[in-house]
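Below is one structure, written out as structure tokens, with a few remarks after it.
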Amino acid sequence: MRIAGLTAFAAGALILPATLAPAASAEVEDITIYALGTSEVPVACDYVGADCSVMARMFGSDYALPATVTINGRELTSPERLDYPDRQRSAIRGTWRPPAKGTYTIVAAQGSSTKTLVIEITGDPQLGSGSAGLLPSGSS
């Protein structure tokens, strides 16, 4: 009986630290998008054909988990991953050219954390910037 009791106690002692361990932590912080204006000053990315820079930033102890950025369900073209281990942060950035007027939904996901940004493309390439700009959705 003593051996069985000690075995059960030892097994319980091994399970306890696993249940008390902190949960994995990775969170999408934000999504930004902008285009460079004629004087290399960032402007709203709200016209067809704009050369837009898209960036999603993540943080937390599990910042290095795989992350994705999609626009209307399609992955960002040529994403670049940036890791900052000393700050427990990472980012994904890439470029995107809106192909037509309309509403576009940008989703950044890492683990179970997601952020969404909805933008409205309203301007024509010849006319430049439209009037709407960025419409953050606030979902997470």
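Structure notes:
- Of A100, A26, all but one fail to be of a type in the set (A, V, I, L, M, F, W, C) and within 22 Å of V118 (Cα to Cα); the exception is A100.
- So A64, is it modelled with pLDDT under 95, more than 11 Å from the chain's Cα centre (by Cα), more than 14 Å from L117 (Cα to Cα) and in a strand (DSSP E or B): no
- Boolean, L65 is in contact with a Phe, Trp or Tyr (Cβ under 9 Å, 6 or more places away or on another chain) and surrounded by 13 or more Cβ atoms within 10 Å (Cβ to Cβ): no
- Only one entry in D51, D86 is surrounded by fewer than 16 Cβ atoms within 10 Å (Cβ to Cβ) and touching a Leu at 6+ places or on another chain (Cβ under 9 Å), namely D51.
- Condition met for R74 (at pLDDT 90 or above, surrounded by 13 or more Cβ atoms within 10 Å (Cβ to Cβ) and basic (K, R)): no
- Lone qualifier among T105, T114, T70, T95 - being touching a Cys at 6+ places or on another chain (Cβ under 9 Å), on the phi < 0 side of the Ramachandran plot and part of a strand (DSSP E or B): T95
The values are calculated or read from the model by the stated rules, or taken from the named source; none is laboratory data. Please read all numbers here as calculations on a predicted model, not as lab measurements. Here the Cβ is made from the backbone with ideal geometry for all residues, glycine too, and neighbour counts use every protein chain on show.
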